[in-house]
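The values are calculated or read from the model by the stated rules, or taken from the named source; none is laboratory data. Computed from a prediction, not measured in an experiment: that's the story for all the values here. Note that each Cβ is placed from the backbone with ideal geometry, even for glycine, and that neighbours are counted across all protein chains shown. Only protein heavy atoms, including side chains, enter the accessible area calculation; ligands, DNA and RNA are left aside. Shrake-Rupley method; radii C 1.70, N 1.55, O 1.52, S 1.80 Å.
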Amino acid sequence: MHYASTDFYIGLGLAVSSSLFIGSSFIIKKKALLKLASGDTSQRASEGGYGYLREWMWWMGVITMGVGEACNFAAYAFAPASLVTPLGALSVIVTAILSSRMLNERLNLLGSIGCALCLLGSTVIVIHSPKEEEVGSMAELALKMKDAGFLIYVILVILATGFIVVYVAPRYGHTNILVYISVCSLIGSLSVLSVKGLGLAIKETLSGHQQFTNWLTYFWLASVAMCVSVQLIYLNKALDIFNTSMVTPIYYVFFTTFVILASSILYKEWSCLGASDVIGNFVGFLTTIIGIFQMQLFRDVNISLYQVQKLVSRPSASLANADFSSSSTNLVDDYCMRQSNSNRRMVYT
């Protein structure tokens with residue numbers, strides 16, 4: 001099926017709108033969870049409680065995310081998943097900016113550069129994204145679902161998720177940020193496949209080919225409901241325990257990777273791309289990942305444009321004497337500490 005130019009740009013616009021709403025929803029829900037944490041701790045999501053269900057602000061966050069997901073849902077009907085999903089990086093930028101304003105979480109110079117890298121990577125992805133896909137009807141989709149590769153992927157996802165939920169999460173969920181995020185990402189890849197299938201059914205119905213008498217439509221609908229429910233529960237657990245600015249980017253990387261893998265298995269969206277477009281998508285995704293992690297790995301580094309100019313203008317021999325007044329760690333302190341440790345090792349050797 002070939003995407004018309006209008007459809008492609010409609011999908012692109014919906015994907016961008018989705019990122020704006022979803023990025024804002026993280027902040028709203030985090031504020032609700034922080035409010036709950038100041039009260040009865042037994043009701044916290046991280047303790048297995050559901051006290052957040054009584055918070056109007058949390059429900060506002062859910063509604064905002066619902067609007068974003070609705071835009072995202074519609075975007076999948078107009079554009080390929082390998083374009084829509086990576087553009088979720090824009091929600092990371094929205095979250096980072098709003099968290100610095102509303103949650104007092106840092107966004108320094110390196111974070112700003114990371115945001116710019118995310119925008120650059122997203123632009124490259126848009127330019128090189130596939131404009132056509134192999135699956136154009138529910139009948140074709142039903143045949144694709146019988147592929148051994150897809151069935152193996154679904155079985156592995158279910159087994160891995162069950163193992164994490166039953167064995168890993170009770171032991172390491174409160175200390176390792178990857179545990180809950182892994183559950184959200186694995187199940188999230190199935191939810192995107194389901195959303196894409198349901199969107200295809202609705203689009204065919206609107207074009208005059210009734211699909212609400214097709215059992216596959218209701219299979220995708222049930223799958224969407226179950227997968228999104230699991231994602232909400234474990235995403236709330238992750239947000240309740242860990243910093244929002246860490247949860248969001250790691251979730252993006254894991255989620256996008258699994259979605260691209262799943263969509264390439266089922267929908268064969270990458271089969272129509274040339275070598276240059278494949279490389280372009282890979283480079284765009286890698287650039288986005290670098291930007292995201294730059295925002296997070298150096299989020300506590302107290303560095304500004306003035307400090308960079310001051311650092312560049314100094315001879316390297318005077319770095320140890322550089323005066324950067326700050327209560328938090330900065331790049332010069334890290335540099336001097338590494339040099340000092342290296343010298344000690346050389347003496348004892």
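Where Lys and Arg each count +1 and Asp and Glu each count -1, what net charge lies around residue 231 among other residues with Cβ under 12 Å from its Cβ?
Numbers: positive: 237; negative: 69.
Counting the neighbours of residue 231, the net charge comes to 0.
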Region 189-292: percent of C-alpha pairs farther apart than 19 Å? 58
Over region 116-222, with a single point scatterer placed on each C-alpha, what log10 of the ratio I(q)/I(0) does the Debye formula yield at q = 0.10, 0.19, 0.20 1/Å? -0.45, -1.04, -1.07
For region 206-311, listing chymotrypsin sites (Phe, Trp or Tyr not before Pro) in a DSSP loop whose Cβ sees at most 14 other Cβ atoms within 10 Å gives 212
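With every protein chain kept in place and ligands, DNA and RNA left out, what is the accessible area per residue of region 72-150? Probe 1.4 Å, answer in Å².
Values: 3010 Å² over 79 residues.
Accessible area per residue, region 72-150: 38 Å².
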What is the distance, in nm, between label points placed 7 Å from the Cα along the Cα-to-Cβ direction at residue 127 and at residue 207? 3.1
For the pair residue 150/residue 305, report the inter-label distance in nm, with labels modelled 7 Å from Cα in the Cβ direction. 5.1
Taking the alpha-carbon centre of each part, the distance from region 137-164 to region 211-267 in Å is 14
Could you put 195, 183, 308, 283 in order of accessible surface area, largest first, with the 1.4 Å probe and the full protein assembly present? 283, 308, 195, 183
Accessible area of residue 127 in the full protein assembly, 1.4 Å probe (Å², nearest 10): 110
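Determine, for each peptide in 77-84, 226-233, the mean count of other beta carbons within 10 angstrom over its residues, then list the peptides with the highest first.
On the way: 77-84: 24.5, 226-233: 16.5.
Highest-to-lowest ranking by the protection proxy: 77-84, 226-233.
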With a 1.4 Å probe and all protein chains left in place, how much of the accessible area of region 196-265 comes from carbon and sulfur atoms, in whole percent? 75
